[in-house]
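Inspection log for the structure reproduced underneath, given as structure tokens.
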Ligand code: IDP
Ligand code: MG
């Protein structure tokens, strides 16, 4: 359980907003361990591979997007979730390849769920206060859909353990992930905390 890994990208807007330290701080202070880290400008091919690792993602994001248009009383670009999903993928390719990103693998108990909680919901307008997306950015579906771009929300974080494993395998070579002990692991996970007293 304490070896659960999750995959995180600080998206191009996060780098431009000088938020690398802020993001890393939030994952560090909760007790997660950074086991992989690199910086690069993603290619369109990598972004496409990343978002189509889950064959259901296109349909799910299309359905979510259609729902968004309907709830605002607007007509979606297409009633077909796959067509609408592909439109989201197109704008995401532009967004994610627009500049450098930071790619990270974090490890610890419930890493996937804990990181999603800290990152917050997809749309910054409704992300909880206290989350990264809720605290540092002010975008909404309304704005992004009107001008036809991806919603800018600073971070990608895996949505499930399976998604995390697939994404880690896509972005990292095995030797880029480090196995090491952190002093605080003992306080987080030891059954008896018997290393404190002299
Ligand atoms: P997540 O990043 O919170 O897991 P996903 O549904 O997996 O959200 O979508 C991936 C990314 O695609 C989002 O973070 C956001 O940047 C963008 N996105 C998702 N849905 C829409 C949309 O309807 N319009 C514009 N961009 C979207
Ligand atoms: Mg997702």
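The values are calculated or read from the model by the stated rules, or taken from the named source; none is laboratory data. None of these values were measured; they are calculated from a predicted model. No Cβ is skipped: glycine too gets one built from the backbone with ideal geometry, and neighbour counts run over all protein chains shown.
Summary table
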item	result
Test: residue 78 is assigned to a loop (DSSP other than H, G, I, E, B) and over 17 Å from the mean Cα position of the chain (by Cα)	yes
Within the range 15-72, helices (runs of 4 or more DSSP H) holding 3 or more residues that are at pLDDT 95 or above and within 15 Å of residue 170 (Cα to Cα)	44-51
Helices (runs of 4 or more DSSP H) fully within the range 131-198 counting 3 or more residues that are within 14 Å of ligand 2 (Cβ to nearest atom) and at pLDDT 95 or above	161-171
Residue check for residue 163: within 16 Å of ligand 1 (Cβ to nearest atom) and either surrounded by 14 or more Cβ atoms within 10 Å (Cβ to Cβ) or within 19 Å of residue 94 (Cα to Cα) (or both)	yes
Unique match (being within 11 Å of ligand 1 (Cβ to nearest atom) and touching a strand residue (DSSP E or B) at 6+ places or on another chain (Cβ under 9 Å)) among 119, 137	119
Residue within the range 93-113 that is in contact with a helix residue (DSSP H, G or I) (Cβ under 9 Å, 6 or more places away or on another chain), within 11 Å of ligand 1 (Cβ to nearest atom) and part of a loop (DSSP other than H, G, I, E, B) present	no
Subset tally (residues that are in contact with a helix residue (DSSP H, G or I) (Cβ under 6 Å, 6 or more places away or on another chain) and within 22 Å of residue 15 (Cβ to Cβ)) for the range 114-130	6
